[in-house]
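Participant: Dumping the structure here so I can ask a few things about it.
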Amino acid sequence: MAQSSSDQRGTEWWRSAVIYQIYPRSFSDGMGQDGLGDLVGITERLPALVDLGVDAVWLSPFYTSPQKDAGYDVADYCDVDPIFGTLADFEAMQRKVHELGLKLIVDLVPNHTSDQHAWFGAALAAPEGSAERDRYMFRDGSGPHGDLPPNNWQSVFGGAAWTRVTRPDGTPGQWYLHLFDTSQPDLNWQNSWVREQFRDILRFWLDRGVDGFRVDVAHGLIKAEGLPDYTPPADAGSMGGTLGLEPEIEGHAEVDPPTPPYWAQEGVHEIYRDWHRVLEEYGGDRVLCAEAWVEPLAKLANWVRPDEMQQAFNFSYLETAWNGPALRSVIADSLTAFSSVGAPSSWVLSNHDVVRHASRLALTEDNPQGHGIGPKTLGKPVRALGLRRARAATALMLALPGSAYIYQGEELGLPEDVDLPDDARQDPTWFRTNGTRYGRDGCRVPIPWEAAKPDYGFSHVQRSWLPQPTDWGPYARDSQEGLDGSTLELYRSLLSARAANGLGLGEIEWLDGYPDDVVAFRNGAVTVIANTGEAVVPLPAGEVMLSSEPLGVGALPGDTTVWLRG
Ligand code: NOJ
């Protein structure tokens, strides 16, 4: 049976786009003040992304923020933090993005603000029960004296999800909810004033010309009535979703996992229908992409119904092991689920919240490391195996119909930095769990551009907010440019062949007759065969377009993907 990425209702750019995630603090330090990446650095380096062959960029937050969660704690949604530059720098960057023929997606963080946001300051200053307090999730404590949290919810980053405030007279007051860090109070999305503010924020950036938004915690805005107690399963993933991070998942859940009272509540959908209408006012194929850790895929598809968002990250795919049957099943389920609502499937293997796939794919059942890898981790992933699988996995992903996301540095084959010293760590997860979870810093280390320069050319001041490993020279962009077989050149070939053959808008036809370890399909004129096992598999006749590793004569080695013509 042929499967496409949507019902072909349209050919909007986002249905098939390859979107490159820029994590601004780790991309390029153009202002050269502090060893932190910034907007000037992004503008300077944009030609490298055109050369790579992507269609769009998504920028993680660059807004005014005390940076307690690397910018996902926003203190002003309509300004640029001085560490990243100014609004004028944003405009210059956006102009360049568009001149180069790329689209620009920015991050929107609606579930919570920073505790330094003026709204939260006003809520703390105002009396209990006031309109200002009602913009957040304040509640009285439980227990005879109200000195216990209102319920048992835990923060995604560890520890209680509630913090108690002190009244002006010094006595203990109410508690506020923060599903993430204490510095990230959750907004009350039942409050119409909050909704109005976010319409204005969307318009602020749409007026400036952005092409869309990646929506943070898009499954979390509405909480269940009465805020009932809930204990998550032990294997909830690093973002606390309904997904686990088991590397050896054999297919996905047959039954719907229980819905936590703070995720995936029905009420979120009317918010996205409202935002859909705001985007429509601007025309031009704008996009909303949901960061929603929701399973099963059939449920996630509700975020991309025709009058809601356009895309949702496919984290079920990201979390699938390098395993033939599991991959076939998640690909088929993805195409079925998303196309049932006329949306494209999305595909993603890495981002700033998960172990880089060049390391993750070499993990085993015994050391899943869903919460990060560090110096004391036992059984660290073997680099060569991880990279080999990552290259094969990317060659499989980029052959699939729909839209694909690439996280900065994966085109260089960067592994997770598993040796970051404890005193360099910045992820709130590390602090809130007293160092029992390493968290996400290992995938956020500034990327290497030029092998011979200090800081690999990342910063003009030879500093980097997270230390870079000393052995990253061979991964630097300039070490790989023009080098036959390098990961950078593999990505360039994949992206150019994907575009030339229209794979993003294609449909796949499964090919039978291969061992179980093999994922094989045809997408238009291209036959794709991914061998996830160790045994060599005979190749059918056909001209080899590209392969993730050198091939034997008529033979596909293990952990290798090939694209054949015809
Ligand atoms: C998801 C973001 O990707 C992550 O980096 C952040 O910590 C949480 N949401 C909270 O905003």
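Participant: Run the simple label-point estimate for residue 496 and residue 99 please: 7 Å along Cα→C-beta, distance reported in nm.
Facilitator: According to this spin-label approximation, the distance is 2.5 nm.
Participant: How much of the accessible area of the chain, in percent, comes from carbon and sulfur atoms when a 1.4 Å probe is used?
Facilitator: On the way: 10110 of 19890 Å².
Carbon and sulfur together cover 51 percent of it.
Participant: Using 0.36 nm per residue of separation minus the Cα-Cα distance, give me the extension gain between residue 509 and residue 125 in nm, one decimal. List each step's numbers first, then the result.
Facilitator: Numbers: separation 384, 0.36 × 384 = 138.24 nm, distance 6.11 nm.
Length gained, residue 509 through residue 125: 132.1 nm.
Participant: When the dipole is taken about the Cα centre of the chain, and only Lys, Arg (+1) and Asp, Glu (-1) are charged at their Cβ, what size is it in debye, to the nearest 20? It would help to have the intermediate numbers written out before the result.
Facilitator: On the way: 45 positive and 79 negative charges, 78 e Å.
Dipole magnitude for the chain comes out near 380 debye.
Participant: Calculate the length of the line joining the C-alpha centroid of segment 43-71 to that of segment 105-122, in whole Å.
Facilitator: Cα centres, segment 43-71 to segment 105-122: 20 Å.
Participant: Jot down the radius of gyration and Dmax of segment 96-246, Cα atoms only, both in angstrom.
Facilitator: Final numbers for Rg and Dmax: 17.8, 63 Å.
Participant: Next question, about the same structure. Along the charge dipole of the chain, which of 382, 57, 232 sits closest to the positive end, that is, farthest toward it, with unit charges on the beta carbon of Lys, Arg, Asp and Glu (+1, +1, -1, -1)?
Facilitator: Among 382, 57, 232, the one farthest towards the positive end of the dipole of the chain is 57.
Participant: Is the C-alpha gyration tensor of segment 509-565 telling us rounded, prolate or oblate? Criteria: a/c under 1.5 is rounded; beyond that, a/b larger than b/c is prolate, otherwise oblate.
Facilitator: Oblate is the answer for segment 509-565, as a/c is 1.5 or above yet b/c matches or exceeds a/b.
Participant: Right, next: Quick check: Cα centre of segment 515-566 to Cα centre of segment 350-392, how many Å?
Facilitator: Each part's Cα centre sits 24 Å from the other's.
Participant: Using only helices, what value at 222 nm comes out for the chain when you add -39,500 (n - 2.57) per DSSP H run of length 4 or more and divide by the total residues, to the nearest 500 deg cm²/dmol?
Facilitator: One gets -7000 deg cm²/dmol as the mean residue ellipticity at 222 nm.
Participant: Sorted by average packing, counted as other Cβ atoms within 10 angstrom per residue and highest first, what order do 126-133, 503-510, 477-484 take?
Facilitator: Descending packing order for the listed peptides: 503-510, 477-484, 126-133.
Participant: Rounded, prolate or oblate: pick one for segment 118-177, where a ≥ b ≥ c are the square roots of the eigenvalues of its C-alpha gyration tensor, a/c under 1.5 means rounded, and failing that, prolate if a/b is larger than b/c, else oblate.
Facilitator: Details: a/c = 1.96, a/b = 1.30, b/c = 1.50.
Oblate.
Participant: Working with all protein chains in place, sort 313, 431 by solvent-accessible area computed with a 1.4 Å probe, largest first.
Facilitator: On the way: 313 5, 431 120 Å².
Correct descending sequence by accessible area is 431, 313.
Participant: For residue 376, give me every one of the lysines with a C-alpha distance below 27 angstrom, ignoring sequence neighbours fewer than eight places off in its own chain.
Facilitator: Counting by Cα, and skipping residues close in sequence, residue 376 has these lysines nearby: 68.
Participant: Moving on. Quote the Stokes-Einstein diffusion coefficient, in whole µm² s⁻¹, for segment 304-431, based on the Kirkwood radius over alpha carbon pairs, a temperature of 37 °C and a viscosity of 0.692 mPa s.
Facilitator: The diffusion coefficient I find is 208 µm²/s.
Participant: Ok, one more. How much accessible area per residue does the chain have, counting only protein heavy atoms and a probe of 1.4 Å, in square angstrom?
Facilitator: Normalised by residue count, the accessible surface of the chain is 35 Å².
The values are calculated or read from the model by the stated rules, or taken from the named source; none is laboratory data. What you see is a predicted model; the values in this text were computed from it and never measured. Quick reminder, even Gly has a Cβ in these numbers, built from the backbone with ideal geometry, and neighbours come from all protein chains shown. Note: accessible area is taken over every heavy atom of the protein model, side chains too, but ligands, DNA and RNA are not part of it. Shrake-Rupley method; radii C 1.70, N 1.55, O 1.52, S 1.80 Å.
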